[in-house]
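Here the structure is laid out as structure tokens; the discussion comes afterwards.
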Amino acid sequence: MTRLSFIALICLVGPAHAFAQTGVDCASATVGLDFDGDSDPQATQFLLGRYGCGAVTLKLKAVLEDDDLELKVQEAFVQTNLGEALSLTFGKAIATYDKSQFFRPLDVVQSDRLNFDIRDTSGALAGLPQVAIAHFGGSATTRFLFSSDFKNEPDGANQGLDQVVMSHAGFAGGADYELVARYAEGNINTFSLGVAASTALNDFALSYGTIIFQRDVRRFDKRAALATAGALGSADDTWFPQFALGVTVNPPFDPSLSLTLEAFHDGTGLTESEWVAIGGGFGPLPYLRQNYLGISAQRSFGIVDGTLSEIYNVDDGSSNIRLGIHFERSGFDVNIVREWSIGETGDEFVSGDMKTILEMRFDL
């Protein structure tokens, strides 16, 4: 697999007429402020997005931090039809496959999702350069995706990797499903195979589940922590299971209320002995352990939505909690999130860690 082939394909298949479909009446802008504790804003983010502009999708983020302004392209891709049953997507895009609400282990192309925040409130998750061809047949969709992050060095997550993904989505036995196989090549070559499915239990409850097996694909910060502690043994060269199982309920007595409970097991996470070996609390990245629960309650109050969610670490009993309020009216959105942690020293989440996020979006 060569990266030159990816660049050549971009040059060959870039249809100029797709860009001609771009309009200027479908833009939106988001301004976000991140606070740690009660201190001054840590970062100011301006998310500029264009959606539904013909075949083009563009999402930009400008981050102002410590008087330094940095422009980041979150997504920039073109999607066009190649006939009645084929579509082509190329550019920098976020690829999703999973059906779970919290941990989404089947989103293998975006394997760094957990590095930021699974709820991704501040829009940190960015796409990867890719070419994808999808075939639509009846209720099924088959997709081939090739991604090459040729601008970055491999980091053990998804940065700097060449990836090939085959997926097949459809409906059978009363359930929506997606089968995914992925091979990634970089400083660590990995292979992943998984399936996600969801089905309605009744008129007010939806269940979903994901299971995936990955070969030698521990996240880079986990590998670094174990290597530093001299605890990265031969057992790391194996198949790791990950699975998520959950249910979302809209109670018949209050259809505007949505309740979600999701269990997640990450075989790539640190065991108790490994956690002790590295001294606990390694690095700023979350979700280093193996077993978690995701719990959320969301209710609409007209133009205002309220959300309370918790990520509970089953292994050590610590929690990360978020309370969010979302206001929307006439193309103007305000999102306020208060985040705090409950836990003891040595736990993954430690009491006293607090953060406030303020975001505003408006249509242009």
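Every read-out reported here was derived from the displayed coordinates using simple, explicitly stated rules and does not represent laboratory data. Predicted, not measured: the structure shown is a model, and the values here were computed from it. Reconstructed Cβ throughout: ideal geometry from the backbone, glycine too, with neighbour counts over all protein chains shown.
You can think of it this way: the chain between residue 199 and residue 301 has 34.0 nm of extra reach, that is 0.36 nm per residue less the Cα-Cα gap. Ranking of 315, 107 by neighbouring Cβ atoms within 10 Å, starting from the fewest: 315, 107. What does the net charge come to around residue 134 if you take all other residues with beta carbon closer than 13 Å to its beta carbon, with K and R at +1 and D and E at -1? With Lys, Arg at +1 and Asp, Glu at -1, the net is -1.
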